[in-house]
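Here is the structure we will look at, set down as structure tokens.
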Amino acid sequence: MLEQLKQDLIEYAKSIGVDKIRFTTASPFIEMKNRLKRQQELNYQSGFEEEDIEKRTEPKQLLPEGESIIAIALAYPSKMKNPPTGKRGERRGIFARASWGLDYHVAVRERLDLIENWLRERVSNLSVKSMVDTGELVDRAVAERAGIGWSGKNCSIITPEFGSYVYLGEMITNIPFPPDEPIENECGDCRLCLDACPTGALVDAGRLNAKRCIAFLTQTKDFLPDEFRGKIGNRIYGCDTCQTVCPKNKGKANWIHDEFMPDPELAKPLLTPLLKLSNKEFKKKFGTMAGSWRGKKPIQRNAILALAHFKEQSAVPDLIELLKEDERPVIRGTSAWALGVIGGEKAKEALLEALHYEKDEDVIIEIKKGLELLGKA
């Protein structure tokens, strides 16, 4: 009876756009618990995670009557149709692929809600707890044990069908579904992702120092540490390097769901117009994307760093205006640093002038950094 319910649910899940569904028990994730404790000891956590390791690894703490976990995956595109090309005077940034199209939290949650409703029509006294990314459980651990994919050296779940370009979600339930088996890890001796990581955040196979990961750094709101500013490139949200170099992702375009297909002008936006967006304009333009969750400030700071990366002279007037008028110290200071990188007489004059009126100590430090960079040019 449970096997039949499982097979019926698999068919239903496919009908609502779930690309992969597997099942595992609600028993503790012992190996993941040990890994998380080690992460804490090494101070490798980003700070965005649930702090309670017990909640992250013991499903029954979240649903005491839990018997099994339903794991689902939705594939997202790795390639963009007709991507716009940036050029001098019209430089562009890039959002990571996981932020193209509709916010995946919404899309995956919708599927989990539909699955819950489907189960409620068939099972009395149903108990469930669903999670997408921001929940307590470690999505990757659930997906790995359920056999959605294997856990790659780049800390992503890699599926045979869609590569690592999948969104994950899970539902703890009191239904004791027969569990599926994990699948074999196919990374072998490959270490392309470890070697390609721009900041060395992948310190070992399957071990990430999140504080060095560009995907994390682009979401912070403070000044970016100096050592990372030259490594961001034109990324304004997230980083895909460890996925794009993965051989298992070769040829996986995943043009499956219309809701995840990117608007090229949003996924690769012009940088300079980003600098002056109001909160209202930002929400209207980017609010449906996962990359908007931290608000406009990190995106604007990263856009400034990207303009510095390109040494985009046409952006100098806009950066000078930010240095003079923006009320946020991080934006003023980052603009000062960028002016130093881009260089030129106007940039130098603006930085020297700013030294006379700027009151914020952190911004003054950035102005001096900018002048020092100009001196070395």
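The values are calculated or read from the model by the stated rules, or taken from the named source; none is laboratory data. These figures come from a predicted structure and were not determined experimentally. Using ideal geometry, Cβ is built from the backbone for each residue, glycine included, and neighbour counts are taken over all protein chains shown.
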Completion exercise
The condition from (1) surrounded by fewer than 18 Cβ atoms within 10 Å (Cβ to Cβ); (2) under 16 Å from residue 364 (Cβ atoms); (3) small (Gly, Ala, Ser) that residue 295 misses is numbered (2)
Handout entry: One residue from 321, 327, 265 being in the same structural domain as residue 358 (by TED's automatic domain parsing), surrounded by fewer than 18 Cβ atoms within 10 Å (Cβ to Cβ) and more than 21 Å from residue 340 (Cβ to Cβ)
Key = 327
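Each row is one residue, and each column tells you yes or no for (1) in contact (Cβ under 8 Å) with a residue 24 or more places away in the chain; (2) not hydroxyl-bearing (Ser, Thr, Tyr).
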{"residue": "4", "(1), (2)": "no, yes"}
{"residue": "27", "(1), (2)": "yes, no"}
{"residue": "43", "(1), (2)": "yes, yes"}
{"residue": "56", "(1), (2)": "yes, yes"}
{"residue": "77", "(1), (2)": "yes, yes"}
{"residue": "91", "(1), (2)": "yes, yes"}
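Going by the structure shown, is residue 130 in contact with a Leu (Cβ under 9 Å, 6 or more places away or on another chain), in the same structural domain as residue 62 (by TED's automatic domain parsing), farther than 18 Å from residue 238 by Cβ and of a type outside the set (Lys, Arg)?
Yes; evaluated as a whole, the condition is true for this residue.
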Handout entry: Test for residue 59: is it farther than 20 Å from residue 176 by Cα and within 25 Å of the chain's Cα centre (by Cα)
Key = no
Fill in the blank from the handout: Of the residues in segment 91-105 that are among the basic types (Lys, Arg) and not in a loop (DSSP other than H, G, I, E, B), the one that is farthest from residue 33 (Cα to Cα) is 92
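Residue-wise test of (1) under 19 Å from residue 253 (Cβ atoms); (2) small (Gly, Ala, Ser).
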site	(1), (2)
63	no, no
88	no, no
94	yes, no
107	yes, yes
113	no, no
163	yes, yes
Handout entry: Entirely in segment 1-90, the helices (runs of 4 or more DSSP H) that have 1 or more residues that are β-branched (Val, Ile, Thr) and closer than 15 Å to residue 138 by Cβ
Key = 30-42, 53-57
Practice task
Can you confirm whether segment 106-118 contains a residue that is touching a Pro at 6+ places or on another chain (Cβ under 9 Å), aromatic (Phe, Trp, Tyr) and not in a strand (DSSP E or B)?
Solution key: no
Fill in the blank from the handout: Exactly one of 123, 132 is within 20 Å of the chain's Cα centre (by Cα) and among the hydrophobic types (A, V, I, L, M, F, W, C), and that one is 132
Practice task
Test residue 52 against the stated conditions and say whether it is more than 22 Å from residue 291 (Cβ to Cβ) and either within 22 Å of the chain's Cα centre (by Cα) or modelled with pLDDT under 95 (or both).
Solution key: yes
Handout entry: Top-ranked residue of segment 1-16 - restricted to ones that are over 21 Å from residue 75 (Cα atoms) and aliphatic (A, V, I, L, M), ranked as modelled with the lowest pLDDT
Key = 1
Fill in the blank from the handout: Counting only helices (runs of 4 or more DSSP H) wholly inside segment 145-251, the ones holding at least 3 residues that are at negative phi and surrounded by fewer than 22 Cβ atoms within 10 Å (Cβ to Cβ) are 192-196, 226-229
Problem - Answer from 89, 152 - the residue that is at pLDDT 95 or above and farther than 28 Å from residue 301 by Cβ - result: 152
Practice task
Please go through segment 93-125 and pick out each residue that is under 12 Å from residue 171 (Cα atoms) and in contact (Cβ under 8 Å) with a residue 40 or more places away in the chain.
Solution key: 108, 109, 111, 112, 114, 115, 116, 119
Problem - Residue within segment 114-125 that is under 30 Å from residue 30 (Cβ atoms) and in contact with a strand residue (DSSP E or B) (Cβ under 6 Å, 6 or more places away or on another chain) present - result: yes
